[in-house]
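**Student:** Sharing a structure, written as structure tokens. Questions coming.
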Amino acid sequence: MQITNNSVVSFHYTLKDADGNTLDSSEGREAFAYIHGGGMIVPGLEEQLEGKKAGDSLLAVVAPEKGYGNIDPQLMHKVPQDRFGGQQVEPGMQFQAGEQGEMGVFTVVAVEDGHVMLNGNHPLAGVTLHFNVEITNVREATAEELSHGHVHGEGGVHH
Ligand code: ZN
């Protein structure tokens, strides 16, 4: 069957950036599974999987606008290091922060001159995504999966 809304789609993938660096891959894991049409994967990839079927392979190139968004300069913050109360802060560390219900994950990008540079953008914001996808299975979602909002069984939730 072809992929349409409420299809459960299983696929293997390798995600690379424009320079060919591998960012993520399902290699060595079970195929990733999602319910099509629910916004569970980035919009640009979901669009390009529409109408495909098991056994199909494709290279889906997804611009940031349809991936993890462009880099928002307002999510780059410079804060005094003493705000961290003596806690050791190093580049690469991540933590939750935010206010007024807008919690987000911030990554420390630099520590210099008593200040910490924080980036609240998604790590893949601004990146054009190159997905090599191999669709392994397409089936209809069960009523239970639709009510739970996730896939049961292989590649999904086991409960
Ligand atoms: Zn469930």
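The values are calculated or read from the model by the stated rules, or taken from the named source; none is laboratory data. Model, not experiment: these values are computed from the prediction. Cβ: placed from backbone, ideal geometry, glycine included. Neighbour counts: every protein chain shown.
**Student:** Mind telling me which of the residues 126, 104, 153, 98 ends up being over 21 Å from residue 43 (Cβ atoms) and away from the ligand (no atom under 16 Å from the Cβ)?
**Tutor:** 98
**Student:** Quick test of your reading of the structure: residue 66 fulfils all but one of (1) touching a residue at least 24 places away in the same chain (Cβ under 8 Å); (2) over 15 Å from the mean Cα position of the chain (by Cα). Name the failing condition by number.
**Tutor:** (2)
**Student:** Quick one: would you say residue 159 is within 25 Å of residue 9 (Cβ to Cβ), not assigned by TED's automatic domain parsing to the domain that holds residue 19 and not charged (D, E, K, R)?
**Tutor:** Judged against the criteria, residue 159 is a match.
Here's the yes/no breakdown for (1) of a type in the set (Lys, Arg); (2) modelled with pLDDT of 95 or more; (3) within 16 Å of the ligand (Cβ to nearest atom); (4) under 28 Å from residue 32 (Cβ atoms):
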{"residue": "61", "(1), (2), (3), (4)": "no, yes, no, yes"}
{"residue": "65", "(1), (2), (3), (4)": "no, yes, no, yes"}
{"residue": "93", "(1), (2), (3), (4)": "no, no, no, yes"}
{"residue": "135", "(1), (2), (3), (4)": "no, yes, no, yes"}
{"residue": "159", "(1), (2), (3), (4)": "no, no, yes, yes"}
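**Student:** While we're on this one: Out of 84, 32, report the one residue that is modelled with pLDDT of 95 or more, surrounded by 15 or more Cβ atoms within 10 Å (Cβ to Cβ) and out of contact with any Cys (no Cβ under 6 Å at 6 or more places or on another chain).
**Tutor:** Unique residue meeting the criteria: 32.
**Student:** Here's a follow-up. Would you mind telling me which numbered condition in (1) within 16 Å of the ligand (Cβ to nearest atom); (2) exposed (fewer than 10 other Cβ atoms within 10 Å of the Cβ); (3) not assigned by TED's automatic domain parsing to the domain that holds residue 34 residue 144 fails?
**Tutor:** With respect to (1) within 16 Å of the ligand (Cβ to nearest atom); (2) exposed (fewer than 10 other Cβ atoms within 10 Å of the Cβ); (3) not assigned by TED's automatic domain parsing to the domain that holds residue 34, residue 144 is out only on (3).
**Student:** Here's a check for you: in segment 106-127, which residue that is under 24 Å from residue 61 (Cα atoms) and surrounded by fewer than 17 Cβ atoms within 10 Å (Cβ to Cβ) is modelled with the lowest pLDDT?
**Tutor:** 123
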